[in-house]
Amino acid sequence: MSELDVTVVEHGTRGTGQGVGGSRQGIGPPSKCKCPKCGTTVSHTPNIPCSTIKCPKCGSPMSGA
Ligand SMILES: [Zn+2]
């Protein structure tokens, strides 16, 4: 259980189960949008602005991080 052995964690990310595991290096903008109203975060396609996505909980337009 060494914290340095992270090779197995690739498929273990909790969330939407997308194939994005190594976001430590800061590649591009964050692939998540946040609801300014209730704070819900959702993952999204990087090319799609967050403002076009509605919050699944309260229906407000999401805001980009
Ligand atoms: Zn919301």
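Structural remarks
- Residue satisfying all of: in region 7-33; surrounded by 14 or more Cβ atoms within 10 Å (Cβ to Cβ) and of a type in the set (S, T, N, Q); modelled with the lowest pLDDT among these: Thr13
- Candidates in region 34-63 are the residues that are more than 11 Å from the chain's Cα centre (by Cα) and at pLDDT below 90; of these, the one that is farthest from the ligand (Cβ to nearest atom) is Asn47.
- Search result, residues across region 39-64 that are out of contact with any Cys (no Cβ under 9 Å at 6 or more places or on another chain) and among the polar types (S, T, N, Q): Thr45, Asn47, Thr52
The values are calculated or read from the model by the stated rules, or taken from the named source; none is laboratory data. Note that the structure is predicted; figures quoted are calculated from it, not measured. Methodologically, a virtual Cβ is constructed for each residue, glycine included, from the backbone with ideal geometry; neighbour enumeration extends over all protein chains shown.
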